[in-house]
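Scroll down for the structure; my scribbles are underneath it.
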Amino acid sequence: MSDRSITYVAAFIEAVKLEMDADPNVFIAGEDVGAHGGVFHTFDGVQAQFGERRAVDTPISEQAIIGLGVGAALTGLRPIVDLMFMDFSMVAADQIVNQAAKLKYMFGGNATMPLTITTAGGGGLSAAAQHSQSLEAIFCHIPGLKVIFPSTPYDAKGLMAASVRDDNPTMVILHKRMLGVRGVVPEGRYQVPLGVANVTRPGNDVSLISWGRTANDCLAAAETLQGEGISVEVIDLRTLSPLDIDTVVASVAKTHRAVVAHEAVRFGGFGAEVAAQIGELAFDSLDAPVGRVAAPFSPVPFSPALEGLYVPDAGRIAAAVRDTVARPLLAS
Amino acid sequence: MDLDPEKLLAMHRNMVRIRLFEETAGRLMETGKMPGFLHLYVGQEAVAVGTCEALRIDDYITSTHRGHGHLVAKGGNLHEMMAELMGKATGSCGGKGGSMHINDLRLGMLGANGIVGAGVPIAVGAGFRNKYLGTDQVSVSFFGDASTNIGAFHEAINMASALHLPVVFVCEHNMYGEYTPTDRAMVIADIVDRAAGYGMPGVIVDGMDVLAVHEAVTEAVARARRGDGPSLVECKTYRYYNHHGIQNLGLKYRPDAEVLAWKERDPIFTFEDRMIETGRLSREQFDQIWAEVRADIDAAIAFADDSPFPEPDRLLAGVYTEVSA
């Protein structure tokens, strides 16, 4: 087995190219995805390999970009449409939320919508409040969409491939600060199934649940805590909707404690859904309330001095885990 | 354009199908048999029919919240449509969409739409598909005058122009955006002025004249099929009924005299008069069509009445497509 190491973005591009190579109905469209290869170079070399017909530069028109994908998917193509920054998804909200997500249901199941929306989320680049958000919870709230947030190069490729092949509208969120991170990635086509979480580190004392870039911070926190005698089981959800709650519940049944960590705003964040489901499905296993580590209820600040306080890091995650583990059992 | 009698009769039949379907739907809502919202198309029949008679079954259309007429004109099955309006399992959407989301993908009808202007980008997507696959199919987007004030319209029509897509934009200018006169919402009188801004041809036609609509759309469709890009056809028309529901006179936002004046130009009756005067078709032929369509509507109501409501297990069906490629 090859142990080739490539970057997260290279792995993603590989999935795009392999899926386009395998299926002539797959194409990409979006702002700057052609010759420039995407503002984050997430489509580098795609137009060079597949030509302008299949790698389409569009106007800066988010509604029309998603609409292009919706109409093309409804009539038999398998589009990948790019939204550059996740913040821009709000400009296209109608086409994503009211059209892509719902048409197949409103049409009585007669339609398929094999549309993949790609975008880049997350902070840490001093990109300020309109170019740094993690808005995944909004889309998880919409029935009909699937929401994917890979944390490793291996998953970026495999989850993207699975998303392209899925007959439902998928939103694949790449984390901007993960793009250059390297990892082992096989060369050929493969899929990481949607809706299946990954236990990335086994442990016994507490379950630490996350996704996206924060899942990596959780591994770092777990390593630190191991030195303190706390055994952390880290779960990377990989797909937020559909949510693999079974893997989470199985872990909590073993560890009896759980912390959810994410980069998005804590209030109304997807961590609240995970915590609520743990409460519903694993209440009898819990020795402490489910902890949450997330961003404060504020727009993402610009200054590095403030953004460093905003985005959760391994240190804050470790602190939250310590608190949860240290909480004494209630007297019975 | 010299059309043969069969084509003329087909146009008449489809206009009558829309008229009677809509007036029946109005009665069903009035009597509580049809739940939800109802936006009647009556008065605008010439636009849907003149357009769809210029299309093939494999051409695509997108529609509006006032969409029954577009589906009927594309060949929609009145029985399934009536059942859908009543929320029955046998409806076009299995009772999941209702009036505002009625569609038939078998006929290339990509859905009525509850969001004003939202069908326009979807039609552009279907047009992209046609060009991508190298077919000579076209897509048509129906939209009202008011939807040309929405960003999605401008984004989509510009994209169709920039990507040189085979799309025909058919504007139904019925003078009102819901309950507000269009001249309060824009300072131009003609939507076609907006086509110029996107570098595409646009024509204005009498939207009460099915032959005029047909001729203009036929030319626009031929242009799109040839690969010469998108264009816009603006049809001046009028909705007889209120934005929602079945009231037509006594509305605060429009004068009754205006309604009555437009009804003098009724698309079906003026067509009949013209065909009879010029000796191309006869009263008897028209009477037969009215009778046949009435019978079909009666059968559609019976079909819908006899159909079951969706079973509870259909609630979650179709949220996701289960089997993926």
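Each reported figure results from applying straightforward, stated rules to the coordinates on display, with no laboratory input. Predicted, not measured: the structure shown is a model, and the values here were computed from it. Backbone-built Cβ (ideal geometry, glycine too); neighbour counts: all protein chains shown.
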How many angstrom lie between the Cα centre of segment B:278-325 and the Cα centre of segment A:138-199? 42
Label point distance in nm, A:ASP21-B:GLU264, each placed 7 Å from Cα along Cα→Cβ: 7.1
Rotationally averaged projected area of segment B:161-254 (alpha carbon convex hull; nm²): 6.9
Across 10 Å bins beginning at 0, the whole-percent shares of Cα-Cα pair distances in chain A come to 6, 27, 34, 23, 9, 2, 0
Hey, how many Å between the Cα centroid of segment B:112-129 and the Cα centroid of segment B:161-221? 16
Per-residue counts of other Cβ atoms within 10 Å, averaged by peptide: what ranking do you get for B:145-154, B:244-253, highest first? B:145-154, B:244-253
Return A:LYS254, B:LYS236 ranked ascending by Cβ neighbour count within 10 Å, so the fewest neighbours appear first. A:LYS254, B:LYS236
Amide H contacts of B:VAL140 (H built 1.01 Å from N, under 5 Å, at least 5 apart or other chain): B:TYR60, B:ILE61, B:THR62, B:VAL168
If the only charges are +1 at each Lys and Arg Cβ and -1 at each Asp and Glu Cβ, what is the size of the charge dipole of chain B around the Cα centre, to the nearest 20 debye? 640
For an R0 of 35 angstrom, estimate the FRET efficiency from the Cβ-Cβ distance between B:ILE276 and B:LEU133 and round to the nearest 0.05. 0.20
Just going by the charge dipole of segment A:5-184, with Lys and Arg at +1 and Asp and Glu at -1 on Cβ, which of A:ILE80, A:TYR105, A:HIS36 is farthest out on the positive end? A:TYR105
For A:ILE235, residues with placed amide H under 5 Å, excluding near neighbours: A:THR200, A:LEU208, A:ILE209, A:SER210
Taking only C-alpha pairs under 8 Å that are 6+ residues apart, what is the relative contact order of segment B:178-269 in percent? 29
Please order A:ASP244, A:ASP284 by the number of other Cβ within 10 Å, starting at the fewest. A:ASP284, A:ASP244
If each part is reduced to its alpha-carbon centroid, segment B:35-110 and segment A:30-78 end up apart, in Å, by 31
Could you give me the ³J(HN,Hα) list for segment A:83-89, computed from phi with Karplus coefficients 6.51, -1.76, 1.60 and θ = phi - 60°, whole Hz, x at Gly and Pro? 10, 6, 9, 4, 4, 6, 4
Give the Kirkwood hydrodynamic radius (Å, one decimal) of the protein assembly as shown, defined as one over the mean of 1/r across all pairs of different Cα atoms. 26.7
Charge dipole magnitude, Cβ of K and R +1, D and E -1 - chain A, Cα centre, debye nearest 20: 120
With the dipole of segment B:1-147 worked out from charges on the C-beta (+1 for Lys and Arg, -1 for Asp and Glu) around the Cα centre, which of B:LEU9, B:LEU55, B:GLY32 lies farthest toward the positive end? B:GLY32
Please report the relative contact order for chain B, taking Cα pairs under 8 Å with a sequence separation of at least 6, and give it as a percent rounded to a whole number. 23
For segment A:5-184, list log₁₀ I(q)/I(0) at each q in 0.12, 0.16, 0.17, 0.20 Å⁻¹, using the Debye formula over Cα point scatterers of equal strength and ignoring solvent, two decimals each. -0.48, -0.89, -1.02, -1.45
Chain B - mean residue ellipticity at 222 nm from DSSP helices (-39,500 (n - 2.57) per run, n ≥ 4, rounded to 500): -14000 deg cm²/dmol
Could you work out, residue by residue across A:110-119, how many beta carbons of other chains sit within 10 Å of that residue's beta carbon, and then give the average as an integer? 3
Just counting partner chain Cβ atoms within 10 Å, what average do the residues of peptide A:56-63 show around their Cβ? 6
When you look at the Cβ of every residue in A:165-175, what mean number of other chain Cβ atoms sits within 10 Å? 2
Taking the mean number of other Cβ atoms within 10 Å as a proxy for protection, how do you rank A:70-76, A:52-58 from highest to lowest? A:70-76, A:52-58
Residue order, fewest to most beta carbons within 10 Å, for B:TRP262, A:TRP211, B:TRP290: B:TRP290, B:TRP262, A:TRP211
Over the Cα atoms of chain B, what is the Rg over Rh ratio if Rh follows Kirkwood? 0.96
Looking at segment B:146-225, which GluC sites (Glu not before Pro) are in a loop (DSSP not H, G, I, E or B) and have at most 16 other Cβ atoms within 10 Å? B:GLU178
Magnitude of the Cβ-charge dipole of the protein assembly as shown, K/R +1 and D/E -1, about the Cα centre, nearest 20 debye? 940
Looking at segment A:55-153, I'd like the Rg to Rh ratio, where Rg is from alpha-carbon atoms and Rh is Kirkwood's inverse mean 1/r. 0.97
Residue-span extension gain [A:SER2 to A:GLU280] - 0.36 nm each, minus C-alpha spacing: 95.8 nm
By how many degrees, between 0 and 90 and to the nearest 10, does the Cα long axis of helix A:245-255 differ from the longest principal axis of chain A? 20
So, with points 7 Å from each Cα along the Cβ direction, the B:LYS7-B:ARG27 label distance in nm works out to 3.4
Could you go through segment A:265-280 in sequence order and give the Karplus-derived ³J(HN,Hα) for each residue, using 6.51 cos²θ - 1.76 cosθ + 1.60 with θ = phi - 60°, rounded to whole Hz, and x for Gly and Pro? 4, 5, 5, x, x, 5, x, 5, 5, 4, 5, 5, 5, 4, x, 6
When you count, for each residue, the other Cβ atoms within 10 Å and take the mean per peptide, how do A:269-279, B:31-41 rank with the highest first? A:269-279, B:31-41
What ³J(HN,Hα) values, in whole Hz, does the Karplus curve 6.51 cos²θ - 1.76 cosθ + 1.60 give for segment A:147-162 when θ = phi - 60°, with x put for Gly and Pro? 10, 10, 9, x, 10, 9, x, 4, 6, 4, 6, x, 6, 5, 4, 5
Chain A, helix-only ellipticity at 222 nm - DSSP H runs n ≥ 4, -39,500 (n - 2.57), divided by all residues, nearest 500: -10000 deg cm²/dmol
Over chain A, what is the relative contact order in percent, taking alpha-carbon pairs closer than 8 angstrom and at least six residues apart? 16
How long is the gain from A:ASP323 to A:LYS254 if the chain were fully straight, where each residue apart is worth 0.36 nm and the alpha carbon distance is subtracted? 23.0 nm
